[in-house]
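Asker: Can you read through this structure? Questions will come right after.
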Amino acid sequence: MTRTRIAIVGLGMAVTPHARGLVDLADAVEVLHAFSPSAPRRAAFAARFPFPLADHLETILNDPAVEAVAVFTPANTHRDIGLACARAGKHVLMEKPLDITTARAEELVAGCKAAGVRMGVVLQHRFRPAAMRAAELLASGALGQIVGCSTNIRLWRPQAYYDEPGRGSFARDGGGVLISQGIHTLDLMLSLAGAVEQVAGFAVTTPVHRMETEDMVCAAARFANGAIGTIDATTAAYPGFHEDIMITAEHGTLALRGGELAVQFHDGRRERVESDISAGGTGADPMAFPHDWHRAVMADFVAAIREGRDPRVTGDEALRVHRLIDALIEAGTTGGPVRVRA
């Protein structure tokens, strides 16, 4: 099989699980270039991974052999880099979030469509075995209508994490706990329970952290299918706990906790997917997790290019969680309730 030829843009903290996944996928993917404008970062990356380096983005854009680009740079660069790649005819795999504002994210998604390239987004929680089985059960109708969904994201980040220049700022990250950490679990929630129609709640910066943006959000939510629920997200919960999503339905209850699934039906049947090793990164080290589901994201993206289909998580899918985050922040600022833009 001819390998899909890709390039990497961004060699900072976020690249590691992706690069490990690409090593595993060497039979299907060939990395032609790995780019950072920082010479020290290129050198550090080269000491760990066997991929050719590039010192200019134009090297990638002008190389006709490059079919796709995986972008792992800071959020405030995503729109411009992604659009440049799309205009050069390269498919785009974008690390979350799409950009620091929904308007910029929408420009990126629209630009990829206009250029006729595929766009995938790194929201890897959907690729955990427990999450995939939960999606199957809900899609099958075995649990009946969803009536409630409560999502808890209780993580820990020490002050040292936010002391890095730009971390937790609107200008670089686009926000705090919701767009930087909670986005993964919120995306998974939306994929399982459906769109959120309206929210009301609070968004604050606690005394635990010195930062510009929110580190705690508590909200009530009404889903488009009539279900109601809660969203609770923070990076102030020491020492960090597994995220959980509990879905209450007509015929039973489904509970996801980290990489574990437990389902109990009214008729006494039970189903369980034991915890896997993917549910890390809840505490002081945000990279304390294996690379399995980043590898799955990349494998799906490459397969989508080969098969002429959309990746599992598209730009439009990611825009849904961006718009939910916007509504949660607005509700926390104004006192809500706020309708989530479709």
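Here is a yes/no grid of residues against (1) over 20 Å from the mean Cα position of the chain (by Cα); (2) closer than 20 Å to Val122 by Cβ; (3) not acidic (Asp, Glu):
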residue	(1), (2), (3)
Ile6	yes, yes, yes
Met13	no, yes, yes
Asp24	yes, yes, no
Ser36	yes, yes, yes
Ala47	yes, no, yes
Leu57	yes, yes, yes
Ala75	no, yes, yes
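Asker: Another question, then. Residue by residue through segment 228-258, note down the ones that are among the hydrophobic types (A, V, I, L, M, F, W, C) and either without any contact (Cβ under 8 Å) to a residue 24 or more places away in the chain or surrounded by fewer than 20 Cβ atoms within 10 Å (Cβ to Cβ) (or both).
Answerer: Within segment 228-258, Ile228, Ala236, Phe241, Met246, Ala255 meet the criteria.
Asker: Determine if segment 57-76 includes at least one residue that is in contact with an Asp or Glu (Cβ under 7 Å, 6 or more places away or on another chain), buried (at least 17 other Cβ atoms within 10 Å of the Cβ) and aromatic (Phe, Trp, Tyr).
Answerer: Yes.
Asker: Does Gln181 satisfy the criteria of being in the same structural domain as Asp326 (by TED's automatic domain parsing), touching a Lys or Arg at 6+ places or on another chain (Cβ under 6 Å) and either modelled with pLDDT of 95 or more or part of a helix (DSSP H, G or I) (or both)?
Answerer: no
Asker: Helices (runs of 4 or more DSSP H) wholly in segment 38-105 with at least 1 residues that are in contact (Cβ under 8 Å) with a residue 60 or more places away in the chain and in the same structural domain as Asp24 (by TED's automatic domain parsing) - which ones?
Answerer: Hits in segment 38-105: 78-87.
Asker: How many of the residues making up segment 66-89 are under 15 Å from Phe35 (Cα atoms) and not hydrophobic (A, V, I, L, M, F, W, C)?
Answerer: Of the residues in segment 66-89, 5 are under 15 Å from Phe35 (Cα atoms) and not hydrophobic (A, V, I, L, M, F, W, C).
Asker: So, of the residues in segment 149-168 that are buried (at least 16 other Cβ atoms within 10 Å of the Cβ) and in contact with a helix residue (DSSP H, G or I) (Cβ under 9 Å, 6 or more places away or on another chain), which turns out to be nearest to Thr102 (Cα to Cα)?
Answerer: Going through the qualifying residues, I end up with Gly168.
Asker: Oh, and also: Within the group Glu164, Glu197, which residue is among the acidic types (Asp, Glu), in the same structural domain as Pro239 (by TED's automatic domain parsing) and closer than 22 Å to Val313 by Cβ?
Answerer: Just a single option satisfies the conditions, and that option is Glu197.
The values are calculated or read from the model by the stated rules, or taken from the named source; none is laboratory data. Keep in mind it's a predicted model, so treat the numbers as computed, not measured. Cβ atoms come from the backbone with ideal geometry, glycine included; neighbour counts cover every protein chain shown.
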